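Let me begin by presenting the structure, written as structure tokens, before commenting on it.
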Amino acid sequence: MVFKQLPATALAAALCVATGGAHAESISAPDMGKLLATGGVSQVEGAGGGGLTPWALISGYGTRDSYGANAHITHVSTQDHSLDSIGVAVGIADRYEASLATQTFRGTGGALDGLRIKQDILGLKLRVAGDAVVDQDSWMPQIAIGLMAKRNKGVRGLGGVTSVKQLGARHESGIDYYVSATKILLDQSLLLNATLRATKANQMGLLGFGGDLGDRYEPMLEASAAYLVNRHLAVGVEYRMKPRNLGVDREKDYYDAFIAWFPNKNVSVTAAYVALGDITVLNPRRQKGFYLSLQAGF
Amino acid sequence: MQPFHSLTRAALAALTITISGGAFAQTTQSAPPMQPAQSMQPSMDQRTPHSDVLYQALGNKEGIRKIVDELLLIVQDDTRINESFLDADIERLAELLTEQFCDLSGGPCKYSGRDMQEAHADFKISVAHFNALAEDLQKAMDKQGVPSRTQNKLIAKLAPMQRTIVNK
């Protein structure tokens, strides 16, 4: 019983420090005080943001005096592949975000039918400046820095290939570093995000890190633009630039068009049409399909 | 020339307020008496002229008053913040809020209340409290049929006030 209490005590202590010693009552119960949708949704690597890319918004509905958390499940399905992501995220003091997600990438058709690759991702994000909701009177965006520590857990269903290194990747794990700037322009009912990510990850890390064509960190630009239809609904588009480190994958940039629905502060649903490009030289078909994500939390 | 302009502007402002005061009492009366004052005011205005598009989209002073009345009803039922309003002079608060929203949205009003920091100094207002009021305002505007785009424009004017109003 003592052992089970330790994590709770540790969390309470961490929250106390993070919220600057705020009142005890504000730690015991989450305040759910942020405005609807201002925690973003869960992007495909588990961080708070859009669907494909992390934003500077901190996941969850806890204000600077509190905390929030959520779990997500996401399914992406294209002609020959599927990607499932499942994870949790916690936001503390509307400033710190931690997330944990597991991705499962499958081949469902074509030359890679039967392929299965898994990856774990630990995300950390720190808001460093600005407030996307409050700063309506300036051009200042909300800015956050973050990292995603990724570990590829091996390959199955591809004959004798059990490691992404056998596909040309230099490493089975890697860390992405990013900075995001999010601006909510309420006067135009718009949300804009730009993320700059330093990465070596091939297909987000599903095909390992670095490769025969290069093993250096490269800056990738990611952008989202959303129109806030009303407080429950946003529609938007995203773009995510990708590296090309592997001879075996002429990796393409990702695009999507999404609708995010926020019926209340406990649930959100995001649906998107995604274009992921062709994945490995073994299948020239440009992968396109649907993305569906459910987030539940507070 | 300037004193004449100031005098005329003051007279028009007084006329506008009197007319709009009458409009509140007669709920069936529509806006037209306000229009001559509005169309003449920008040219007389010594301050930088600003658009009253938002003011009109909110339904002019009448519409704003309806939103404010609805807001205060919702607030008094909102257990997150209604305690702070128990001792409030609701009528006076409604007048001041109407004046403030009218002023902020480009209408022919000048907010005459205390500044935001002073007005809220006696209360412990957290970000959650501030946002609760914003949400109640959104609900009030929903009830009055204000389109979302317009709602966002008003919230855009109010959001920066979080810096001075939130003191906890």
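Just name the residue that is nearest to the other protein chains (Cβ to nearest Cβ) out of those in segment A:65-74 that are of a type outside the set (Gly, Ala, Ser) and crowded, with 23+ Cβ neighbours inside 10 Å.
A:67
Scanning for something assigned to a strand (DSSP E or B), without any contact (Cβ under 8 Å) to a residue 60 or more places away in the chain and among the small types (Gly, Ala, Ser), does segment A:183-200 turn up at least one residue?
yes
Being of a type in the set (Gly, Ala, Ser) and within 23 Å of residue A:71 (Cβ to Cβ) narrows it down to one of A:189, A:173, A:224, A:163, so name that one. It would help to see each step written out before you state the result.
Values: A:189 fails: within 23 Å of residue A:71 (Cβ to Cβ); A:173 fails: within 23 Å of residue A:71 (Cβ to Cβ); A:163 fails: within 23 Å of residue A:71 (Cβ to Cβ).
The match here is A:224.
Regarding residue A:196, is this residue modelled with pLDDT of 95 or more and surrounded by 17 or more Cβ atoms within 10 Å (Cβ to Cβ)?
no
Residue-wise test of (1) within 14 Å of chain B (Cβ to nearest Cβ); (2) within 19 Å of residue A:176 (Cβ to Cβ); (3) in contact with a helix residue (DSSP H, G or I) (Cβ under 7 Å, 6 or more places away or on another chain); (4) surrounded by fewer than 21 Cβ atoms within 10 Å (Cβ to Cβ).
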{"residue": "A:94", "(1), (2), (3), (4)": "yes, no, no, no"}
{"residue": "A:108", "(1), (2), (3), (4)": "no, no, no, yes"}
{"residue": "A:120", "(1), (2), (3), (4)": "no, yes, no, yes"}
{"residue": "A:144", "(1), (2), (3), (4)": "no, yes, no, no"}
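Residue-wise test of (1) within 10 Å of the chain's Cα centre (by Cα); (2) small (Gly, Ala, Ser); (3) within 14 Å of chain B (Cβ to nearest Cβ); (4) crowded, with 21+ Cβ neighbours inside 10 Å.
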{"residue": "A:37", "(1), (2), (3), (4)": "no, yes, yes, yes"}
{"residue": "A:41", "(1), (2), (3), (4)": "yes, no, no, yes"}
{"residue": "A:53", "(1), (2), (3), (4)": "yes, no, no, yes"}
{"residue": "A:63", "(1), (2), (3), (4)": "no, no, yes, yes"}
{"residue": "A:76", "(1), (2), (3), (4)": "no, no, no, yes"}
{"residue": "A:86", "(1), (2), (3), (4)": "no, no, no, no"}
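Yes/no matrix, rows are residues, columns are (1) aliphatic (A, V, I, L, M); (2) closer than 30 Å to residue A:139 by Cβ:
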{"residue": "A:188", "(1), (2)": "no, yes"}
{"residue": "A:210", "(1), (2)": "no, no"}
{"residue": "A:246", "(1), (2)": "yes, no"}
{"residue": "A:250", "(1), (2)": "no, no"}
{"residue": "A:259", "(1), (2)": "yes, yes"}
{"residue": "A:267", "(1), (2)": "yes, no"}
{"residue": "A:288", "(1), (2)": "no, no"}
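Would you pick out the residues in segment A:212-239 that are farther than 20 Å from residue A:188 by Cβ and not in a strand (DSSP E or B)?
Result: A:212, A:213, A:215, A:216, A:217.
Quick one: residue B:9 ticks every box in (1) farther than 23 Å from residue B:142 by Cα; (2) at pLDDT 50 or above; (3) surrounded by 11 or more Cβ atoms within 10 Å (Cβ to Cβ) except a single one, so which number is it?
Of everything listed in (1) farther than 23 Å from residue B:142 by Cα; (2) at pLDDT 50 or above; (3) surrounded by 11 or more Cβ atoms within 10 Å (Cβ to Cβ), residue B:9 misses just condition (2).
Checking residue A:261 against (1) in contact (Cβ under 8 Å) with a residue 40 or more places away in the chain; (2) more than 14 Å from residue A:74 (Cβ to Cβ), which test does it fail?
(1)
Across segment B:115-161, what is the total count of residues that are of a type in the set (D, E, K, R) and at pLDDT 95 or above?
Final tally of qualifying residues: 8.
Going through segment A:98-146 one residue at a time, which ones are closer than 18 Å to residue A:38 by Cα and β-branched (Val, Ile, Thr)?
Correct list: A:128, A:133, A:134, A:143, A:145.
Would you check if there is a residue in segment B:146-159 being under 26 Å from residue A:187 (Cβ atoms) and surrounded by fewer than 15 Cβ atoms within 10 Å (Cβ to Cβ)?
So far as segment B:146-159 goes, yes, one or more of its residues are under 26 Å from residue A:187 (Cβ atoms) and surrounded by fewer than 15 Cβ atoms within 10 Å (Cβ to Cβ).
Can you find, within segment A:146-163, the residue that is nearest to the other protein chains (Cβ to nearest Cβ) among those that are touching a Lys or Arg at 6+ places or on another chain (Cβ under 9 Å) and surrounded by 23 or more Cβ atoms within 10 Å (Cβ to Cβ)?
Checked segment A:146-163; the qualifying residue nearest to the other protein chains (Cβ to nearest Cβ) is A:146.
Between residues in segment A:81-107 that are basic (Lys, Arg) and residues that are part of a strand (DSSP E or B) and crowded, with 19+ Cβ neighbours inside 10 Å, which pairs lie under 7 Å by C-beta distance while being six or more apart or on different chains?
Correct list of pairs: A:95/A:127; A:106/A:81.
Among the residues of segment B:108-129, is there at least one that is aromatic (Phe, Trp, Tyr) and buried (at least 20 other Cβ atoms within 10 Å of the Cβ)?
No - not one qualifying residue is present in segment B:108-129.
Output the number of the condition that residue A:230 fails; it satisfies all remaining conditions of (1) of a type in the set (S, T, N, Q); (2) surrounded by fewer than 24 Cβ atoms within 10 Å (Cβ to Cβ); (3) more than 14 Å from chain B (Cβ to nearest Cβ).
(3)
The values are calculated or read from the model by the stated rules, or taken from the named source; none is laboratory data. Everything quoted here is computed from the prediction, not taken from an experiment. When we count neighbours, we look across all protein chains shown, and the Cβ atoms used for this are built from the backbone with ideal geometry, even at glycine.
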